[in-house]
Amino acid sequence: MNTSVRSRATGPPLLAAGVAGALVAVLSVRDPRTSTYLPCPIHAATGLWCPGCGATRAFGDLIRGDVASAISANLLAVVLAIAGIGVWGMWMRARMTGTTVRRPPAILIGSAVVVVCAFTILRNVPAGSWLAP
């Protein structure tokens, strides 16, 4: 793959990295633990913790290097951030080498849905209250 084709191919992953970098900059300037961000509409309407509740605080803590606080804010967000970095790396490598990234197997997608649902239910019952932000 020549340089021109490679630079066009890597455009989308680099754009995604740029957007992530801009979000990191925003979270660096406006700390989610001290600034006012929009509240979760699901929690505001029902009082239940959705799977994303605490994710903004978790990402802000990760940016500051406070992994323990990030995990206590939203364990699932921390796991997904790590997985997202890995997926981005595979995407970038595939674009640079001219290969294709295969779609994940249905069992993996189904398992991910089950994990998110279980996490949501568990953080809203007394036994899983340690998962609530």
Check residue 30: other-chain or 5+ apart residues with amide H under 5 Å from its amide H, H built from backbone geometry?
none
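Dividing the convex hull volume of the Cα atoms of the chain by its residue count, what figure in Å³ per residue is obtained?
On the way: hull volume 16.9 nm³, N = 133.
Measuring per residue, one finds 127 Å³ for the Cα hull of the chain.
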Estimated dipole of the chain in Debye, rounded to 20 [Cβ of Lys and Arg +1, of Asp and Glu -1, Cα centre]:
480
Quick one: helix 11-29 against the long Cα principal axis of the chain, what's the angle to the nearest 10°, folded into 0 to 90?
40
What angle, in degrees between 0 and 90 and rounded to the nearest 10, separates the Cα long axis of helix 106-122 from the longest principal axis of the Cα atoms of the chain?
20
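Computed from the coordinates by the stated procedures, all read-outs in this text should not be read as laboratory data. In this text, all values refer to a predicted model and were calculated from it rather than measured experimentally. With ideal geometry, Cβ positions are generated from the backbone for all residues, glycine too; neighbour counts draw on all protein chains shown.
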